[in-house]
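Visitor: Take this structure first; my questions come after.
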Amino acid sequence: GAVVSQHPSRVICKSGTSVKIECRSLDFQATTMFWYRQFPKQSLMLMATSNEGSKATYEQGVEKDKFLINHASLTLSTLTVTSAHPEDSSFYICSARGASGTYNEQFFGPGTRLTVL
Amino acid sequence: QKEVEQNSGPLSVPEGAIASLNCTYSDRGSQSFFWYRQYSGKSPELIMFIYSNGDKEDGRFTAQLNKASQYVSLLIRDSQPSDSATYLCAVTSGSARQLTFGSGTQLTVLP
């Protein structure tokens, strides 16, 4: 399958700071990228969908001013958690889908574990 | 509200046995169906996808889809301890083809 990377893999920050997470598709062009959040012992919850060059579409209950998503190129999307608080501590996972994905396959990055102190 | 339901488990099977994982979905317009495996602390990895009624086999894994019953399952033959993980059922629907995940079934294969 295709390779998706995320950086950083783990980040610890103080409350009130902003954290940027990068998601890259390494060997294909990702027309659509998805950002998920997963709390312990829960399933993945979709936060937003972003198409290259367009504004992201956020799921209900996800604050777009707090979780800034940029999908400026076909291989890179970024999620910025602004003014992070302890309740934002979670496992953030991106996935990418190329235009040629006949069966809607999404390839997942390895995830970023965010801890806000 | 589009829902994907899974039995959370835990499901325990002895090594070499068949593990059967089940999933139901609420949206009749769902188009594609996926099984992901997630080890603790890791992101999901795709095992199989299926989009038409019937069975699809890949090695030790068989996915079964019944759209009339809105039911999809995953069978793991000759289960190995390394198969111990959480298995996530996911469904795509709608024009955006977003994935909706079930809550996952935790599988333990006992040596």
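The values are calculated or read from the model by the stated rules, or taken from the named source; none is laboratory data. Note that this is a predicted model, so its numbers are computed, not measured. All Cβ positions, even for glycine, are placed from backbone atoms using ideal geometry, and neighbour counts span all protein chains on display. Side chains included, ligands, DNA and RNA excluded: accessible areas come from the protein's heavy atoms. Shrake-Rupley method; radii C 1.70, N 1.55, O 1.52, S 1.80 Å.
Visitor: Pull up all non-local amide H partners of residue B:12: gap of 5 or more, or a different chain, and H-to-H distance under 5 Å with H placed in the peptide plane.
Guide: B:108
Visitor: Now for a different question. With +1 on the Cβ of every Lys and Arg and -1 on the Cβ of every Asp and Glu, and nothing else charged, how large is the dipole of the protein assembly as shown about its Cα centre, in debye rounded to the nearest 20?
Guide: 400
Visitor: State, as an integer percentage, the relative contact order of chain A based on alpha-carbon contacts under 8 Å between residues 6 or more apart.
Guide: Relative contact order here is 37 percent.
Visitor: Which residues of the stretch B:50-97 bury at least 20 Å² of accessible area once all protein chains are present, versus their chain alone (1.4 Å probe)?
Guide: Buried by the other chains: B:51, B:96, B:97.
Visitor: So, one more: Where the only charges are on Cβ atoms (+1 Lys, Arg; -1 Asp, Glu), what is the dipole of the stretch B:33-84 about its Cα centre, to the nearest 20 debye?
Guide: Roughly 120 debye for the stretch B:33-84.
Visitor: For the pair residue A:22 and residue B:17, what calculated FRET efficiency results from E = 1/(1 + (r/R0)^6), where r is the Cβ-Cβ distance and R0 = 41 Å, to the nearest 0.05?
Guide: It comes to 0.45.
Visitor: Which whole-Hz couplings ³J(HN,Hα) result when phi for each residue of the stretch A:25-33 is put into the Karplus expression 6.51 cos²θ - 1.76 cosθ + 1.60, θ = phi - 60°, listed in order with x for Gly and Pro?
Guide: So the J values, rounded to whole Hz, are 8, 8, 9, 7, 8, 9, 6, 10, 10.
Visitor: Treating the beta-carbon of each Lys and Arg as +1 and of each Asp and Glu as -1, no other charges, what is the dipole magnitude of the stretch B:21-111 about its Cα centre, to the nearest 20 debye? Before the final figure, lay out each step's value.
Guide: Working: 8 positive and 7 negative charges, 37 e Å.
Computed about the Cα centre, the dipole is about 180 debye.
Visitor: Any idea what the relative contact order of the stretch B:19-81 is, in percent, if you count C-alpha pairs under 8 Å spaced at least 6 apart?
Guide: Across the stretch B:19-81, relative contact order equals 35 percent.
Visitor: Can I ask one more? When Cβ neighbours within 10 Å are restricted to other protein chains, what is their mean count per residue of peptide A:52-62?
Guide: That average works out to 0.
Visitor: Name the lysines eligible as straight-distance cross-link partners of residue B:67: C-alpha to C-alpha under 27 Å, and not fewer than 8 places from it in the same chain.
Guide: B:2, B:56
Visitor: Taking springs between alpha-carbon atoms closer than 10 angstrom, which of B:56, B:42, B:67 fluctuates most in the Gaussian network model of chain B?
Guide: Looking only at B:56, B:42, B:67, the largest GNM fluctuation is found for B:42.
Visitor: Still on this structure, I have one more. Could you state the accessible area per residue of the stretch B:1-101 in Å², with a 1.4 Å probe and every protein chain left in place?
Guide: On the way: 4790 Å² over 101 residues.
Ligands and nucleic acids excluded, the result is 47 Å² per residue.
Visitor: Quick one: ranking B:58, B:83, B:27 by accessible area, 1.4 Å probe, largest first, what do you get?
Guide: Ranked from most to least accessible, the order is B:58, B:27, B:83.
Visitor: Right, another one. Given a 1.4 Å probe and every protein chain left where it sits, what share in percent of the accessible area of chain B is carbon and sulfur?
Guide: It is 46 percent, rounded to a whole number.
Visitor: Among B:75, B:85, B:33, flag the residue with its Cα farthest along the positive direction of the charge dipole of the stretch B:21-97, charges on Cβ as +1 for Lys/Arg and -1 for Asp/Glu.
Guide: Positive-most Cα among the choices belongs to B:33.
Visitor: Ok, one more. For the stretch A:3-62, which trypsin sites (Lys or Arg not before Pro) are in a loop by DSSP, counting at most 15 other Cβ atoms within 10 Å?
Guide: A:14, A:41, A:55
Visitor: Explain nothing, just compute: Karplus ³J(HN,Hα) = 6.51 cos²θ - 1.76 cosθ + 1.60, θ = phi - 60°, for every residue of the stretch A:40-47 in order, whole Hz, x for Gly and Pro.
Guide: x, 6, 10, 7, 6, 10, 5, 9
Visitor: Return a whole-number percent for the relative contact order of chain B, with Cα pairs under 8 Å and 6 or more residues apart as the contact set.
Guide: 38
Visitor: Scan the stretch A:36-117 for chymotrypsin sites (Phe, Trp or Tyr not before Pro) in coil per DSSP, keeping those whose Cβ has at most 16 other Cβ atoms within 10 Å, and list them by number.
Guide: Here the sparse-neighbourhood loop sites are A:103.
Visitor: Which of the pairs A:14/B:42; A:20/A:66; A:20/A:55; A:41/B:42 have their Cα atoms more than 19 Å apart in this structure?
Guide: A:14/B:42
Visitor: Looking only at Cβ-Cβ distances, which cysteines of the protein assembly as shown have no other cysteine closer than 4.7 Å?
Guide: Singleton cysteines: A:13.
Visitor: Average projected area of the Cα convex hull of the protein assembly as shown, in nm²?
Guide: Averaged projected area of the protein assembly as shown's Cα convex hull equals 12.3 nm².
Visitor: For the interface of B with A, what's the total buried accessible surface in square angstrom, probe 1.4 angstrom, rounded to the nearest hundred?
Guide: Numbers: alone 6060 and 6610 Å², together 11020 Å².
Looking at B and A, the buried total is near 1600 Å².
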